[in-house]
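Enquirer: My structure is below; once you've seen it, I'll send some questions.
The values are calculated or read from the model by the stated rules, or taken from the named source; none is laboratory data. These numbers come from a predicted model, not from an experiment. Every residue, glycine as well, gets a Cβ built from its backbone with ideal geometry; the counts of neighbours run over all protein chains shown. The area values use the complete protein model at the heavy-atom level, side chains included, leaving out ligands, DNA and RNA. Shrake-Rupley method; radii C 1.70, N 1.55, O 1.52, S 1.80 Å.
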Amino acid sequence: HTVAALTAMAPRWHDRLAITAIATERSFEFHGLDGIAGLHRADPGAAGVHGVGIRLSQPFDLHPITVLDGLAPINVYAMLDTIAEDCGPLARDGGFIELWDFVAEHANGFLYNSRFSEREFLHRHAAAVGRPSLPMLLSTRLEEYQQTHVESASAGHVLVLGNHFPHKASDAAGRRLAAAFPSLSIVALGSEDRQAGNLQIIRPGTISGRRMRELYAAATVVVMPSHLEGFGLGLMHALAAGKPVAARNIPATREVLACLDGVQGVELFESNPEMVEAVRRALDAGRSKVVASRGPSWNDWADGVGELCLQLARSDDVFTRLVRRLHMGDLLRQATAWRESSAQVTAAASPTGMPPAPAQAKAAPTLQALMALDGRSFVESAYRTLLQRDADESGLTFYTAELESGSGKLSVLGALSASAEGRARGVMLDGLAEALAAERPARASVPRRVLRRLGLR
């Protein structure tokens with residue numbers, strides 16, 4: 001989603017908007033973003049100040065909200081679906097729900113990947129009703145999903161799309177289809193890597209893009225058993241490959257199919273028992289065929305986002321919303337820190353049922369103790385010390401990679417301390433300022449991206 005969006009938006013809008021992707025250099029190059037004309041890159045933690053900050057997915061913890069607050073006075077969130085609220089196992093803790101309430105009330109604008117996603121989010125978070133938004137399907141043009149032809153060494157199989165989340169229902173679908181079609185190979189993207197008879201389950205995060213293309217190329221039928229989607233990119237990839245499809249009859253799938261004409265080889269089913277017959281009909285169809293000339297393209301989506309940015313920049317309430325958002329964000333961060341502290345105290349209660357002893361302030365590690373750690377342990381401890389929270393996965397990956405590429409530990413501590421979140425926390429680590437000052441004479445040999453994070457260049 002992100003790569004396709006930037007590929008369309010940067011070349012079309014770079015003369016009107018300076019478009020920057022916040023990413024590590026390694027990530028930027030791995031995904032081919034360095035080859036997109038008109039796209040700039042900034043390191044996480046050193047991104048500077050921009051006019052509009054866009055997050056292309058909903059936030060599930062406080063960190064992305066804090067990051068976007070520090071990037072730009074105008075904040076836009078893509079609320080792709082409400083699956084986490086609609087599915088019990090995901091909503092059980094529910095800590096993200098108040099974050100979505102916060103975003104609904106204080107964000108400047110929203111992106112939705114379908115009318116269905118927009119409707120579901122507004123039903124649950126009414127504060128977003130009436131806010132500027134772009135409710136548009138992602139591209140439904142088949143040519144924008146077609147991959148370079150990949151020959152597959154595997155024999156034909158039924159490919160069941162999904163992941164480890166229960167609402168995808170791919171494990172259960174794989175088992176049912178394996179029993180119903182014992183002579184067919186069933187490959188399901190599901191909860192774990194394992195083989196059982198004619199059923200192979202693969203955890204999606206463990207396979208490369210090329211391997212995924214091979215799985216599509218060798219598929220005789222693509223099955224989509226998910227109970228809930230906001231859009232469903234898998235449907236477009238299957239149709240682009242000409243594969244017959246058996247898909248659960250859900251609103252997002254119906255919305256996509258409504259943009260297509262002459263649909264053949266797509267079989268919808270309501271329940272798991274009906275799925276077997278839908279797959280049988282799809283096998284008989286042999287291939288899918290649609291005419292996709294009416295729906296939006298990635299260029300249409302990019303133009304909609306660009307126009308929304310310009311509209312928001314002309315709004316009269318930018319300053320008042322910004323002040324209110326920052327104030328309420330500070331209160332939200334304080335409440336989150338208090339809850340985390342209270343949880344630690346509760347967890348420390350005696351197993352005998354006696355009330356816990358009064359909480360004692362936990363001494364922060366000294367600079368010397370931090371510097372004695374290495375790699376991931378060092379970054380995790382640095383986050384807990386300077387930002388007073390656990391490291392998020394993106395920050396942990398970034399700073400660990402920086403250490404592995406030769407950046408010093410002091411540069412990481414300096415970057416965290418000088419970040420917007422670090423300044424807000426105001427943790428003074430004894431000896432850090434002096435150690436950073438002592439490093440200044442040698443800063444010419446420090447990587448430029450680190451100097452920018454430290455404010456030294």
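Enquirer: Could you grab me the full set of residues in region 87-145 that are over 26 Å from Ala8 (Cβ atoms), among the small types (Gly, Ala, Ser) and assigned to a helix (DSSP H, G or I)?
Expert: Selection gives Gly88, Ala91, Gly95, Ala104, Ala126, Ala127.
Enquirer: Within region 70-98, work out how many residues are among the acidic types (Asp, Glu) and open to solvent by less than 20 Å² (accessible area, probe 1.4 Å).
Expert: Going through region 70-98 one residue at a time, the tally reaches 0.
Enquirer: Could you check Asn108 against (1) farther than 23 Å from Leu331 by Cα; (2) modelled with pLDDT of 90 or more; (3) touching a helix residue (DSSP H, G or I) at 6+ places or on another chain (Cβ under 7 Å); (4) crowded, with 18+ Cβ neighbours inside 10 Å and say which number it fails?
Expert: So the condition that Asn108 fails would be (1).
Enquirer: Working carefully through the options Ser185, Ser170, find the one that is of a type in the set (S, T, N, Q) and open to solvent by less than 40 Å² (accessible area, probe 1.4 Å). Break it down stepwise before answering.
Expert: Numbers: Ser185 fails: open to solvent by less than 40 Å² (accessible area, probe 1.4 Å).
That would be Ser170, the only listed residue that is of a type in the set (S, T, N, Q) and open to solvent by less than 40 Å² (accessible area, probe 1.4 Å).
Enquirer: When you check Ile65 against the structure, is it in a helix (DSSP H, G or I), crowded, with 19+ Cβ neighbours inside 10 Å, touching a residue at least 24 places away in the same chain (Cβ under 8 Å) and under 17 Å from the mean Cα position of the chain (by Cα), yes or no?
Expert: Answer is yes for this residue.
Enquirer: Hey, another quick one. Just to verify a result, which residue in region 281-312, among those that are open to solvent by 40 Å² or more (accessible area, probe 1.4 Å) and among the small types (Gly, Ala, Ser), is nearest to Pro11 (Cα to Cα)?
Expert: Step by step, filter region 281-312, then rank; the result is Ser293.
Enquirer: Okay, next question. What's the total number of residues in region 23-47 that are assigned to a loop (DSSP other than H, G, I, E, B) and without any contact (Cβ under 8 Å) to a residue 40 or more places away in the chain?
Expert: Qualifying residue count for the region: 7.
A quick yes/no check of all residues on (1) of a type outside the set (A, V, I, L, M); (2) under 28 Å from the mean Cα position of the chain (by Cα); (3) surrounded by 23 or more Cβ atoms within 10 Å (Cβ to Cβ):
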{"position": "Pro244", "(1), (2), (3)": "yes, no, yes"}
{"position": "Asn249", "(1), (2), (3)": "yes, yes, no"}
{"position": "Arg254", "(1), (2), (3)": "yes, yes, no"}
{"position": "Ala258", "(1), (2), (3)": "no, yes, no"}
{"position": "Glu267", "(1), (2), (3)": "yes, no, yes"}
{"position": "Met275", "(1), (2), (3)": "no, no, yes"}
{"position": "Val279", "(1), (2), (3)": "no, no, yes"}
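Enquirer: Just the residues that are more than 21 Å from the chain's Cα centre (by Cα) and loosely packed, with under 15 Cβ neighbours inside 10 Å, please, taken from region 23-46.
Expert: Residues of region 23-46 that are more than 21 Å from the chain's Cα centre (by Cα), as a first pass: 35, 37-38.
Scanning region 23-46 gives Gly35, Ala37.
Enquirer: Also, quick follow-up: Would you check if there is a residue in region 8-22 being under 19 Å from Leu322 (Cα atoms), without any contact (Cβ under 8 Å) to a residue 40 or more places away in the chain and surrounded by fewer than 17 Cβ atoms within 10 Å (Cβ to Cβ)?
Expert: no
Enquirer: Next up: Gln200 is checked against (1) of a type outside the set (Lys, Arg); (2) modelled with pLDDT of 90 or more; (3) in contact with a helix residue (DSSP H, G or I) (Cβ under 6 Å, 6 or more places away or on another chain) and fails just one. What number does that condition carry?
Expert: Going through (1) of a type outside the set (Lys, Arg); (2) modelled with pLDDT of 90 or more; (3) in contact with a helix residue (DSSP H, G or I) (Cβ under 6 Å, 6 or more places away or on another chain) one by one, Gln200 breaks only (3).
Enquirer: In region 314-326, what count of residues is obtained for those that are surrounded by 13 or more Cβ atoms within 10 Å (Cβ to Cβ) and either free of Cβ contacts under 8 Å to residues at least 24 places away in the same chain or over 18 Å from Ala78 (Cβ atoms) (or both)?
Expert: 6
Enquirer: Related question: Where in region 369-457 are there helices (runs of 4 or more DSSP H), lying fully within it, with 1 or more residues that are charged (D, E, K, R), modelled with pLDDT under 85 and open to solvent by 40 Å² or more (accessible area, probe 1.4 Å)?
Expert: 393-404, 420-425, 432-439, 448-454
Enquirer: Cβ contacts < 8 Å: first residue more than 22 Å from Ile83 (Cα to Cα), restricted to region 223-245; second residue open to solvent by 10 Å² or more (accessible area, probe 1.4 Å) and of a type in the set (Ser, Thr, Tyr), any location; separation 6+ or different chain. Result?
Expert: From residues that are more than 22 Å from Ile83 (Cα to Cα), the pairs are Ala238/Tyr216; Leu239/Tyr145; Ala240/Tyr145; Ala241/Tyr216; Lys243/Tyr216; Lys243/Thr220; Pro244/Thr220.
Enquirer: So, one more: Are there any pairs with C-beta distances below 8 angstrom linking a residue in region 269-288 that is more than 13 Å from Thr220 (Cα to Cα) to a residue that is among the acidic types (Asp, Glu), with the two at least 6 apart or on different chains, and if so which?
Expert: Short answer, once both residue conditions are applied: Phe269/Glu277; Ala278/Glu267.
Enquirer: Could I ask something else about it? Which residue is surrounded by the most Cβ atoms within 10 Å (Cβ to Cβ), if the candidates are limited to region 118-146 and must be aliphatic (A, V, I, L, M) and closer than 22 Å to Val256 by Cβ?
Expert: Out of the qualifying residues, it is Leu138.
Enquirer: Any residue in region 399-415 that's farther than 17 Å from Ala437 by Cβ: show its pairings with residues that are surrounded by 17 or more Cβ atoms within 10 Å (Cβ to Cβ) at Cβ separation under 6 Å, as long as the two are six or more apart or on different chains.
Expert: Short answer, once both residue conditions are applied: Tyr399/Val379; Tyr399/Val412; Thr400/Val379; Ser407/Val450.
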